[in-house]
Amino acid sequence: MNVLILGGDGYLGWPTAMHLAAAGHRVHVVDNYLRRRLALETRSEALIPTPDLNDRAETFRRLTGTATGVSIFDVTDAARLSALVERFKPDALVHYAEQPSAPYSMMGQDEARLTLENNIRSTFNVAWAVMTHAPACHIVKLGTMGEYGTPDIDIEEGFLTVEHKGRSDTFLYPRAAGSLYHTSKIMDTDLLWFYSRLYGLTVTDLMQGPVYGLSTIQADLDPALVPNFHYDDIFGTVINRFLVQSACGIPLTVYGKGGQTRGYINIRDTLRCIELAVTNPPARGEMRIFNQFTELFSILEIADRVRAAATLLGLTVEVQSVPNPRKEKERHRYVAHADSLLKLGLEPHRMTEEALAGMLERVLQHRHLIDTRRIMPRVRWS
Ligand SMILES: NC(=O)c1ccc[n+]([C@@H]2O[C@H](COP(=O)([O-])OP(=O)(O)OC[C@H]3O[C@@H](n4cnc5c(N)ncnc54)[C@H](O)[C@@H]3O)[C@@H](O)[C@H]2O)c1
């Protein structure tokens, strides 16, 4: 298949490009290095330096003989995206090209506006480019489990049938975001649902939980192919922060009570999920929503697992509660379902101590590059 990947320089974008190219698909990636720029501006650069997209594509071609097309431009530029879709004729388009940090989106008005404009415009341009030049193309869009919030009822996969005054109908599952970033993802979903209902777009919207991991079959071929690893409070995830704190002998900083529960997924499973979605498209004109995570953990449980992984490597780690910079429930019910990707053939990798210890070993190799001033919360929700 011809697969166009938007956001191809990202943590998920580049590993996805290599994975799909290695599986025999013709892959083209687009990026404008927005994340690299914002990380530089907020002093949140990745721990392990990564070459630019052209250099990574060249390394991958040299090692595997597989070519990957690269374009550097902003997908909020509708004309350039449309021209590429018209020329490349994708069978599937994987849309990762968004500003993905919740704390960044809560820094101030400029950051909020950038997040909203970038994410909505990129999704809007994807819808129009596909409708106009490749109407049979399957759009695979990355959403987030954060769109649902933490409701007191079970979280279903995207839709909910509601009974009201003796009648019933099916709607998008009610959503309640906890940051402006997550709100932009809700708006994306609504846009795609609109264009699917009215104009017949074929869409898979993947509600993904936080992803962890540095190891994939292709990324392990060469240090230059490693996924981006951010560990700061703005672009880093909690697992990465805890690993870096373990490496530096700093107590793991749990926000508030630590009962915040989310669905997590290993990067190898993310790649498999994208492949499963791409190779098993929905019916033409259908929009389906899958929940994309494999295990549920509270923050305290994550801290325990990281501590156990650190112990395997002979490190001593403490856990400490710090005031929560976010506005969120710190103890809540969280029952979320994610059966569809398992039915398609996903075989989950678990968050074992060994998996986390493998990541920690990579962190320890780059310990001299860690800037500990970036780990404590710099952005507050209030
Ligand atoms: N990583 C996770 O844990 C996670 C969890 C849930 C959802 N997601 C979603 O998955 C997607 C990818 O996440 P990621 O972690 O790889 O983020 P990332 O920031 O590493 O990758 C996104 C890439 O898109 C690029 N980009 C952004 N706006 C662009 C534009 N207008 N034009 C061209 N390129 C643009 C960025 O430069 C970046 O390289 C995001 O949409 C994110 O919301 C990620």
Self-check item: Test for residue 117: is it in a helix (DSSP H, G or I), within 15 Å of the ligand (Cβ to nearest atom), touching a residue at least 40 places away in the same chain (Cβ under 8 Å) and charged (D, E, K, R)
Solution: yes
Quiz item: Got a sec? Which of 162, 126 is more than 12 Å from the ligand (Cβ to nearest atom) and either in contact with a Leu (Cβ under 9 Å, 6 or more places away or on another chain) or not in a loop (DSSP other than H, G, I, E, B) (or both)?
Solution: 162
Quiz prompt | Those residues of the range 1-13 which are surrounded by fewer than 24 Cβ atoms within 10 Å (Cβ to Cβ) and more than 13 Å from the ligand (Cβ to nearest atom), in sequence order | solution = 1, 2
Quiz item: Of (1) closer than 24 Å to residue 195 by Cβ; (2) in a helix (DSSP H, G or I); (3) within 15 Å of the ligand (Cβ to nearest atom), residue 142 satisfies all except one. Which?
Solution: (2)
Quiz item: Somewhere in the range 353-361, is a residue under 24 Å from residue 148 (Cβ atoms), within 21 Å of the chain's Cα centre (by Cα) and part of a helix (DSSP H, G or I)?
Solution: no
Quiz prompt | Selection within the range 200-216 - away from the ligand (no atom under 14 Å from the Cβ) and either of a type in the set (Ser, Thr, Tyr) or assigned to a strand (DSSP E or B) (or both) | solution = 202, 203, 215
Quiz item: Is it fair to say residue 219 is within 16 Å of the ligand (Cβ to nearest atom) and closer than 28 Å to residue 51 by Cα?
Solution: yes
Self-check item: Filtered residue count, the range 270-298, keeping only those that are touching a helix residue (DSSP H, G or I) at 6+ places or on another chain (Cβ under 6 Å) and either acidic (Asp, Glu) or more than 21 Å from residue 173 (Cβ to Cβ) (or both)
Solution: 4
Quiz item: Across the range 14-36, which residue is nearest to residue 105 (Cα to Cα) among those that are within 13 Å of the ligand (Cβ to nearest atom) and charged (D, E, K, R)?
Solution: 35
Practice problem: Evaluate the range 66-74: report whether one residue or more is out of contact with any strand residue (DSSP E or B) (no Cβ under 6 Å at 6 or more places or on another chain) and more than 9 Å from the ligand (Cβ to nearest atom). | Solution: yes
Quiz item: What residue, of 278, 306, 317, is farther than 26 Å from residue 154 by Cα, within 16 Å of the ligand (Cβ to nearest atom) and not hydroxyl-bearing (Ser, Thr, Tyr)?
Solution: 278
Quiz item: How many residues, within the range 165-193, are assigned to a strand (DSSP E or B) and either under 20 Å from residue 286 (Cβ atoms) or aliphatic (A, V, I, L, M) (or both)?
Solution: 4
Quiz item: Tell me, which residue of the range 222-237 that is among the hydrophobic types (A, V, I, L, M, F, W, C) and more than 10 Å from the ligand (Cβ to nearest atom) is farthest from the chain's Cα centre (by Cα)?
Solution: 224
Quiz item: Is it true that some residue in the range 122-142 is under 18 Å from residue 99 (Cα atoms), touching a residue at least 40 places away in the same chain (Cβ under 8 Å) and in contact with a His (Cβ under 6 Å, 6 or more places away or on another chain)?
Solution: yes
Self-check item: Residues of the range 173-197 satisfying the condition of being more than 15 Å from the ligand (Cβ to nearest atom) and touching a helix residue (DSSP H, G or I) at 6+ places or on another chain (Cβ under 6 Å)
Solution: 195
Quiz item: Which residue pairs have Cβ atoms under 7 Å apart, sit 6 or more places apart or on different chains, and have a first residue in the range 263-277 that is closer than 19 Å to residue 146 by Cα and a second that is of a type in the set (Lys, Arg) and within 11 Å of the ligand (Cβ to nearest atom)?
Solution: none
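Read the figures in this text as sums done on the coordinates, not as results from a lab. Worth saying up front: this structure is predicted, and the values here are computed from it rather than measured. Don't worry about glycine lacking a Cβ; one is built from the backbone with ideal geometry, like all the others, and counts go over all protein chains shown.
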